[in-house]
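Shown next, in structure tokens, is the structure this report addresses.
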């Protein structure tokens, strides 16, 4: 079995911004598990545990679709899930665009025809930077994070990758299995 998902790989420039956020927030109190920026990606569809043979099958199904032409995404702001009163995930957002939303929906719709559970929530493009551990986050830390100045960095999206996720004690390790060009 493999735990797989489809995502957009990030440019080094965007990973550098996430690294800057990580470094800037280190001095603030709170139990946070920071995500390594080098492994961060923009998830389009989490599939879950599948037979090894299925990951190539799903990638082929996506590859056969009429995918959008390459397009640009842009960082925009910080935020938290599920709510600022009880933050569990800290993220840097990606500007919502028709192309990006369409890509996520096309992949979700196609995989739903292959018995992959369709997404029930609206697509909210974001890059997870940290997970809150324990009872919460001090107000000062939360306010600082939510008010960080995120540069207007953009990148061209020209592919989607099928990743395998191996859960390990030190955190997930991601391996690209297939590249699907737009």
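The values are calculated or read from the model by the stated rules, or taken from the named source; none is laboratory data. All figures in this text were calculated on a predicted structure; none of them were measured in a lab. Cβ atoms come from the backbone with ideal geometry, glycine included; neighbour counts cover every protein chain shown.
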Those residues of the stretch 109-126 which are surrounded by 13 or more Cβ atoms within 10 Å (Cβ to Cβ) and under 15 Å from the mean Cα position of the chain (by Cα) amount to 119, 123, 124, 125, 126
For the stretch 34-49, state whether one or more residues are exposed (fewer than 12 other Cβ atoms within 10 Å of the Cβ) and more than 19 Å from residue 151 (Cβ to Cβ). yes
Any chance residue 143 is loosely packed, with under 13 Cβ neighbours inside 10 Å, modelled with pLDDT of 95 or more and over 23 Å from residue 14 (Cβ atoms): yes
Near pairs, Cβ below 7 angstrom, 6+ apart or cross-chain, from the stretch 155-180 (without any contact (Cβ under 8 Å) to a residue 24 or more places away in the chain) to any residue that is part of a strand (DSSP E or B): 175/163; 175/164; 179/159; 179/161
How many residues are in a strand (DSSP E or B) and buried (at least 20 other Cβ atoms within 10 Å of the Cβ) when one looks only at the stretch 8-33? 2
Out of (1) in contact with a helix residue (DSSP H, G or I) (Cβ under 9 Å, 6 or more places away or on another chain); (2) at pLDDT 95 or above; (3) under 28 Å from residue 133 (Cβ atoms), what's the single condition that is false for residue 32? (2)
Hey, among 82, 87, which residue is farther than 25 Å from residue 1 by Cα, in a strand (DSSP E or B) and touching a helix residue (DSSP H, G or I) at 6+ places or on another chain (Cβ under 8 Å)? 87
